[in-house]
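Single-structure report; data block below.
Every read-out reported here was derived from the displayed coordinates using simple, explicitly stated rules and does not represent laboratory data. Given the structure is predicted, the values throughout are model-derived calculations rather than measurements. Cβ: placed from backbone, ideal geometry, glycine included. Neighbour counts: every protein chain shown.
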Amino acid sequence: MSIWTELDQTITLWLREARESILASLEQALDIDTKSNANDLVTNVDKETEQFFVRQIKKHYPHHKIVGEEGFGDKVHDLDGIVWIIDPIDGTMNFVHQRRNFFISIGILENGIGKLGYLYDIILDELYFAYEGHGAFLNGQSIAPLEKGRVEEAIIGFNPASIPANEAAQTMIKLMKDVRGVRSYGSAAMEFAYVATGRLDAYISLGLSPWDFAGGKIILEELGGIVTDLSGNPVKILENSSILAARPGLHEQLLKNYLRAK
């Protein structure tokens, strides 16, 4: 058994345990606070879930490094060795207001190469998983590689905050008119998962943090999807970035005709 297969089995157990704890928390009053602004929510469950993963990793894999949204991991400045990037609750506003449409997101890299990716829909109990070179799966069933897409047939996941307050806004509005449909789910992990399974054809966001995209990037690229910033540049995994995640073919169309500066 490889280290990655063993690690996957362990993480899957941890995810199931975390799910039970999160579901139990929905029966209780949440302790809700804000971070950078009034819409940037954090709850006791975000913090407790991240602390759970950090404790487990430190106990079983003490030489691994951890980047977590809530700050309970390490100060990580490089991608040497094995690095975990964790979002304990991606879609906290959905978690608080809707009690659904939120995910746990985990990406694990070795020397900068994505090895294992996890996106877990807690309420629906849908676990999206990829193992580099071995495919991607939804609840253990293989996900088919992504076929090429076209703008006129595409449904795009779109963060409304991604509309720039300048002349480029007109180009983005044209894109929304040219595609078949636009959706906004309030969770980057959810939108990555939906691109991976063909429920969406692309996802566009102006600014995401590493924990928002690390797990989804690994899964999508394992399926032949393409993840770059909005200028077509490779995403730097430890830095905030704009994101264009899409089917092949469609990614090129979006860059050429709508996103990349002319």
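Mind pulling up the Rg/Rh value for region 142-262? Radius of gyration and Kirkwood radius, both on Cα.
0.92
On a 0 to 90 degree scale, rounded to 10, what angle separates helix 3-25 from the longest Cα axis of the chain?
90 degrees
Using r as the Cβ-Cβ distance of residue 29 and residue 177, and R0 as 41 Å, what FRET efficiency do you calculate, to the nearest 0.05? Spell out each step's value before the answer.
Working: r = 44 Å, r/R0 = 1.06.
The calculated FRET efficiency here is 0.40.
When the chain is treated as a GNM, springs tying every alpha-carbon pair under 10 Å, which of 63, 251, 77 comes out with the largest mean-square fluctuation?
77
When the Karplus curve 6.51 cos²θ - 1.76 cosθ + 1.60 is applied with θ = phi - 60°, which whole-Hz ³J(HN,Hα) does each residue of region 206-220 get, with x for Gly and Pro?
6, x, 10, 8, x, 5, 6, 10, 4, x, x, 4, 4, 5, 5
Can you give me the relative contact order of region 126-262 as a percent, contacts being Cα pairs under 8 Å and 6 or more apart?
With pairs under 8 Å counted, the relative contact order is 28 percent.
When the dipole is taken about the Cα centre of the chain, and only Lys, Arg (+1) and Asp, Glu (-1) are charged at their Cβ, what size is it in debye, to the nearest 20?
Rounded to the nearest 20 debye, it is 620 debye.
Using the structure shown, list the pairs from 177/217; 58/115; 58/236; 35/256; 35/177 with a Cα-Cα distance above 31 Å, or answer none.
35/256; 35/177
Working out 0.36 nm times the residue gap between residue 113 and residue 60, then minus their Cα-Cα distance, what length gain in nm do you get to one decimal?
Working it through step by step, the gained length comes to 16.9 nm.
Under a plain spin-label model, where a point goes 7 Å from the Cα along Cα-to-Cβ, how far apart in nm are residue 148 and residue 78?
It works out to 4.1 nm between the two label points.
Each residue of region 142-152 in turn: what ³J(HN,Hα) in whole Hz from Karplus with 6.51, -1.76, 1.60 and θ = phi - 60°, glycine and Pro shown as x?
Whole-Hz 3J(HN,Hα) from phi for region 142-152: 4, 9, 5, x, 6, 8, 5, x, 10, 4, 5.
Considering the chain as a Gaussian network with a 10 Å cut-off on Cα pairs, which listed residue, 214, 18, 202, attains the greatest mean-square fluctuation?
Largest GNM mean-square fluctuation: 18.
Tilt of helix 168-178 relative to the longest C-alpha principal axis of the chain, in degrees (0 to 90, nearest 10)?
90 degrees
Would you calculate the separation in nanometres between label points at residue 3 and residue 39, each defined as 7 Å from the Cα along the Cα-to-beta-carbon direction?
A separation of 4.2 nm, rounded to one decimal place.
With springs only between Cα atoms under 10 Å apart, run a GNM on the chain and tell me which of 190, 172, 93 wobbles the most.
172
Under 9 Å from the Cβ of residue 190, count the other residues' Cβ atoms, weight Lys and Arg +1, Asp and Glu -1, and hand me the total. Each step should come with its number before you reach the end.
On the way: positive: none; negative: 90, 121, 191.
Net local charge, residue 190 excluded: -3.
Run the dipole for region 99-232 about the Cα centre, Lys and Arg Cβ at +1, Asp and Glu Cβ at -1, nothing else charged, and hand back the magnitude in debye, nearest 20.
It works out to roughly 340 debye.
For semi-axes √(5λ) of the Cα gyration tensor in Å, pick the label among [x] 29, 24, 16; [y] 29, 21, 17; [z] 40, 20, 17 that corresponds to the value derived from the coordinates.
Structure-derived value, by its label: [y].
Which translational diffusion coefficient, to the nearest whole µm²/s, is obtained for region 104-204 from the Stokes-Einstein equation, given a Kirkwood hydrodynamic radius over C-alpha pairs, 10 °C and 1.306 mPa s?
The estimated diffusion coefficient comes to 105 µm²/s.
Report, by chain and number, residues whose modeled amide H sits under 5 Å from the one on residue 184, excluding near sequence neighbours (fewer than 5 apart, same chain).
Under 5 Å from the amide H of residue 184 lie the amide H atoms of 158, each far enough along the sequence or on another chain.
Please give the Cα centre distance for region 85-112 versus region 30-77, rounded to the nearest Å.
11 Å
Along its principal axes, what span do the Cα atoms of region 1-100 show, with the longest given first and each in whole Å?
Extents along the principal axes: 42, 30, 18 Å.
Where Rh is the Kirkwood radius over the Cα pairs of region 22-153, the temperature 10 °C and the viscosity 1.306 mPa s, what D in µm²/s does Stokes-Einstein return?
97 µm²/s
Let me know the Kirkwood hydrodynamic radius for region 38-96, please, with Cα pairs as the basis and the value in Å to one decimal.
About 12.1 Å for region 38-96.
Which residues' amide hydrogens lie under 5 Å from the amide hydrogen of residue 123, considering only partners 5 or more residues apart or on another chain, with H built in the peptide plane?
101, 102
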